[in-house]
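S.K.: Quick one: the structure is below, questions incoming.
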Amino acid sequence: PARVAETVPSRPLSAFAGRYTHDGYGLLLIEEAEGGLKATYNAMPATLSHWHFDVFNATPIRLEDGDLADIKFGFQSDLSGAVSGVAAEMENLTDPIVFRRMA
């Protein structure tokens, strides 16, 4: 998606940290690290840079993890306003995969 300039996340980065799961894709771990966010999926770590609103862009930490390059992670909220999931564009030809936050 085209980037919307001059936006900020809706909450502190710590609110996005957690364990998220999908029945087919497995576990996605989001951590607050070094003043930003870090995602780990299938043992592949990536930094998440703020893109716009509550969307972050992945940059693989290791060269061999190119599968995560430029994947957008869009955090979702439930009706109480808590972060409840994250949608990730894991495949080009399918809708974003929604990982649900684990309790």
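The values are calculated or read from the model by the stated rules, or taken from the named source; none is laboratory data. Only a predicted model underlies this, so the values are computations on that prediction, with no experimental measurement involved. Because the Cβ atoms are built from the backbone with ideal geometry, glycine has one as well, and the counts that use them run over all protein chains shown. SASA here: full protein model, heavy atoms, side chains in, ligands and nucleic acids out. Shrake-Rupley method; radii C 1.70, N 1.55, O 1.52, S 1.80 Å.
S.K.: What translational diffusion coefficient, to the nearest whole µm²/s, does the chain have by Stokes-Einstein, given a Kirkwood radius computed over alpha-carbon pairs, a temperature of 25 °C and 0.890 mPa s viscosity? Don't jump to the answer; show the numbers that get you there.
M.R.: On the way: Rh = 13.7 Å.
The Stokes-Einstein estimate is 179 µm²/s.
S.K.: Carbon and sulfur atoms: what percent of the 1.4 Å accessible area of the chain do they account for?
M.R.: Roughly 53 percent of what the probe reaches on the chain is carbon or sulfur.
S.K.: Same structure again: In Å², and per residue, what accessible area does the chain have when probed at 1.4 Å with the other protein chains present?
M.R.: Here the residues of the chain average 59 Å² of exposed surface.
S.K.: Just to confirm a number: summing +1 for Lys and Arg and -1 for Asp and Glu over residues other than E91 whose beta-carbon lies under 14 angstrom from that of E91, what do you get?
M.R.: Net charge in that neighbourhood comes out at -3.
S.K.: If you take the C-alpha gyration tensor of the range 13-67, multiply each eigenvalue by 5 and take the square root, what semi-axes do you get, largest first, in whole Å?
M.R.: 17, 15, 10
S.K.: What percentages make up the Cα-Cα pair-distance distribution of the range 41-91 when the bins are 10 Å wide from 0?
M.R.: 26, 49, 21, 4
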